[in-house]
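The values are calculated or read from the model by the stated rules, or taken from the named source; none is laboratory data. Given the structure is predicted, the values throughout are model-derived calculations rather than measurements. Here the Cβ positions follow ideal geometry from the backbone for every residue, glycine too, while neighbour counts run over all protein chains shown.
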Amino acid sequence: QYTYRIYGVNAENVESSSYATVSKYTKIESPTGGSFGTVTSTSIDVSATGTLSNLTSGTSGLYFENTTVSANSGWAQTNSWSNGSLSANTQYTYQATSRNGDSVANTAAAMGSKYTLADNPVSITASDGTYADKVSLSWTSVGSASGYKVYRDGIAGVGTEIYNGVGLAYDDTAASSSHTYYLYTKNNENALSSNYVTDTGSLMTVPATPTIGAASALSTTSIRWAFTDNASNEDGFKIHNAAHSTVASNATADLSYVDETGLSANTQYTRHAHTYNGAGDSSASANASKYTLSATPSVSADKTTSTWYNTTDVIFTNAASFGAAGVQYYRYVFNQNATHTFTDAETQWSAGTLTRTASANGSWYLHVKAFNGDDVANGTQTYGPFYYDGSAPTDPSGLGLTAASVSQINLSWTGSTDTGGSNLIGYKIERAPDNSGSPGTFAQIDTDTASPYTDIGRVANTKYWYR
């Protein structure tokens with residue numbers, strides 16, 4: 001602003017006694033453009049560029065205008081305007097007008113255009129131990145966003161940018177362990193949202209090692225391997241042999257045992273357990289050993305059970321064999337009882353044949369109980385009866401002969417008595433020719449089950465001897 005006064009002057013150069021006073025502002029510079037400060041999804045801060053002298057003098061000022069929505073700042077003596085209540089990711093165009101202290105305005109100057117930011121992201125989800133080869137990311141769609149950026153292990157400018165696109169999911173196959181992921185939205189100028197959301201994800205890790213437990217023999221061909229599950233991320237369990245080959249498995253989590261089948265009877269197996277998932281197998285548990293059940297009793301004898309014998313010994317053979325694939329040992333009793341209750345303190349039979357001797361006439365039985373190498377029984381069996389009769393019957397007596405005809409002699413006698421239990425089955429009848437009043441050589445002519453007996457076909461008036 002400049003102030004002027006005017007005097008009147010005569011020909012003698014004498015000034016008037018009074019003067020007139022007037023003030024005036026020079027014109028103010030026009031803005032040369034504009035700059036944009038803080039931008040959010042709902043506001044843009046603008047200021048004019050160029051020299052603006054004495055902006056606070058008189059009625060000087062700036063007038064900012066958002067020409068897109070016909071909003072303005074009004075005249076103000078500050079070089080900034082925060083234009084609010086805007087829509088996310090929307091382009092707005094601005095101009096600014098300057099005026100001097102006398103309110104003389106210049107022509108409006110263009111300031112340029114600017115997009116608001118997109119709305120902030122809502123959420124991101126990172127898989128945590130789900131996959132062995134990646135961390136899977138997904139996020140919620142934001143309607144105002146033109147795209148998304150994801151950074152690993154740090155905010156924008158610090159972390160590693162791993163995704164820049166318009167999708168709603170991404171697999172981080174370069175993940176190496178556990179990571180924190182930062183998600184931003186983008187506007188049409190690729191500017192990032194003012195805030196971000198995070199989630200932590202990780203690769204699948206090998207599950208914890210199970211604790212081996214006590215195994216149990218289920219049958220002659222199967223063993224149940226028990227363990228304690230110490231993991232929370234396993235897909236299943238494996239049973240390995242000493243060569244670390246899988247012999248049994250179950251693709252189910254949270255188990256306490258796996259059954260192995262296809263084994264041989266009375267055979268000791270040593271195994272260890274693993275948990276597993278997509279990241280691999282756990283380390284091996286301690287070893288456990290167990291025998292399958294023995295074969296069931298199978299014994300043969302050198303005597304049949306339907307025949308009486310006058311010899312005392314019965315020889316038994318283990319048809320199931322001793323050792324692996326058979327029976328470790330039997331406990332046995334040889335007696336005259338048809339049944340037996342085992343106490344497991346009976347005598348063992350673990351090799352070769354077994355010879356048992358009948359010590360009295362009558363029926364004898366072999367009772368056996370089969371065991372495996374862990375002293376676990378698998379069935380009992382009784383063989384018999386085996387009949388022994390070591391006592392001859394009493395002698396027959398009172399043999400009488402009657403000549404019934406010229407060719408027939410009838411015999412009768414008092415019968416014998418059985419004393420050994422095998423029952424009397426009959427008599428042997430022998431005959432001899434006469435030899436000068438004495439019997440010649442006796443020869444058996446027949447057998448009979450009881451008295452009497454008829455000898456026919458004899459020669460008339462001929463003497464015969466009988467016994």
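One table, with the values for the structure above:
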{"quantity": "Among (1) in the same structural domain as ALA231 (by TED's automatic domain parsing); (2) assigned to a strand (DSSP E or B), the one test that ALA286 misses", "calculated": "(2)"}
{"quantity": "Selection status of PHE334, crowded, with 18+ Cβ neighbours inside 10 Å, in contact with a Lys or Arg (Cβ under 7 Å, 6 or more places away or on another chain) and in contact (Cβ under 8 Å) with a residue 60 or more places away in the chain", "calculated": "no"}
{"quantity": "ASP199 being surrounded by 15 or more Cβ atoms within 10 Å (Cβ to Cβ) and more than 21 Å from TYR276 (Cβ to Cβ)", "calculated": "yes"}
{"quantity": "Subset tally (residues that are out of contact with any Gly (no Cβ under 8 Å at 6 or more places or on another chain) and either small (Gly, Ala, Ser) or surrounded by fewer than 17 Cβ atoms within 10 Å (Cβ to Cβ) (or both)) for the stretch 55-71", "calculated": "7"}
{"quantity": "Test for THR67: is it under 28 Å from ASN188 (Cβ atoms), at pLDDT 95 or above, among the β-branched types (Val, Ile, Thr) and under 60 Å from the mean Cα position of the chain (by Cα)", "calculated": "no"}
{"quantity": "Given (1) under 17 Å from ILE28 (Cβ atoms); (2) surrounded by fewer than 17 Cβ atoms within 10 Å (Cβ to Cβ); (3) in contact with an Asp or Glu (Cβ under 9 Å, 6 or more places away or on another chain), index of the condition SER123 fails", "calculated": "(1)"}
{"quantity": "Filter pass, ALA110 being among the aliphatic types (A, V, I, L, M), loosely packed, with under 15 Cβ neighbours inside 10 Å and closer than 20 Å to GLU189 by Cα", "calculated": "yes"}
{"quantity": "Residue pairs meeting the criteria (Cβ under 7 Å; at least 6 apart or on separate chains; first over 11 Å from GLY61 (Cα atoms), in the stretch 101-115; second among the aromatic types (Phe, Trp, Tyr))", "calculated": "MET111/TYR94; GLY112/TYR94; SER113/TYR92; LYS114/PHE36; LYS114/TYR92"}
{"quantity": "Residue check for SER23: in contact (Cβ under 8 Å) with a residue 12 or more places away in the chain, of a type in the set (S, T, N, Q), in contact with a Phe, Trp or Tyr (Cβ under 9 Å, 6 or more places away or on another chain) and surrounded by 14 or more Cβ atoms within 10 Å (Cβ to Cβ)", "calculated": "no"}
{"quantity": "Pairs where the first residue, in the stretch 251-268, is farther than 28 Å from ALA324 by Cα and the second is part of a strand (DSSP E or B), C-beta under 6 Å, 6+ apart", "calculated": "ALA251/GLY236; THR252/GLY236; LEU255/PHE237"}
{"quantity": "Any hit, the stretch 413-424, residues being over 30 Å from TYR330 (Cβ atoms), in a loop (DSSP other than H, G, I, E, B) and aliphatic (A, V, I, L, M)", "calculated": "yes"}
{"quantity": "Any hit, the stretch 127-134, residues being buried (at least 18 other Cβ atoms within 10 Å of the Cβ) and in a strand (DSSP E or B)", "calculated": "no"}
{"quantity": "Single residue of SER53, SER73 found to be closer than 30 Å to LYS186 by Cα and of a type in the set (Ser, Thr, Tyr)", "calculated": "SER73"}
{"quantity": "Residue satisfying all of: in the stretch 430-444; of a type in the set (A, V, I, L, M, F, W, C) and surrounded by 13 or more Cβ atoms within 10 Å (Cβ to Cβ); farthest from GLY400 (Cα to Cα) among these", "calculated": "PHE442"}
{"quantity": "Members of the stretch 294-303 found to be touching a residue at least 24 places away in the same chain (Cβ under 8 Å) and either loosely packed, with under 13 Cβ neighbours inside 10 Å or of a type in the set (A, V, I, L, M, F, W, C) (or both), listed by number", "calculated": "ALA295, VAL299, ALA301"}
{"quantity": "Output for the stretch 440-467, where each listed residue is farther than 18 Å from SER412 by Cβ and either of a type in the set (Lys, Arg) or outside the structural domain of SER412 (by TED's automatic domain parsing) (or both)", "calculated": "LYS463"}
{"quantity": "So ALA325, is it out of contact with any Lys or Arg (no Cβ under 6 Å at 6 or more places or on another chain), at positive phi and surrounded by 12 or more Cβ atoms within 10 Å (Cβ to Cβ)", "calculated": "yes"}
{"quantity": "Checking SER141 against (1) within 44 Å of the chain's Cα centre (by Cα); (2) part of a strand (DSSP E or B); (3) among the polar types (S, T, N, Q), the condition it does not meet", "calculated": "(2)"}
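Results for (1) in contact with a strand residue (DSSP E or B) (Cβ under 6 Å, 6 or more places away or on another chain); (2) in a strand (DSSP E or B), shown as yes or no for each residue.
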{"site": "ALA145", "(1), (2)": "yes, no"}
{"site": "GLY157", "(1), (2)": "no, no"}
{"site": "ILE162", "(1), (2)": "yes, yes"}
{"site": "GLY167", "(1), (2)": "no, no"}
{"site": "TYR181", "(1), (2)": "yes, yes"}
{"site": "GLU189", "(1), (2)": "yes, no"}
{"site": "ASN195", "(1), (2)": "no, no"}
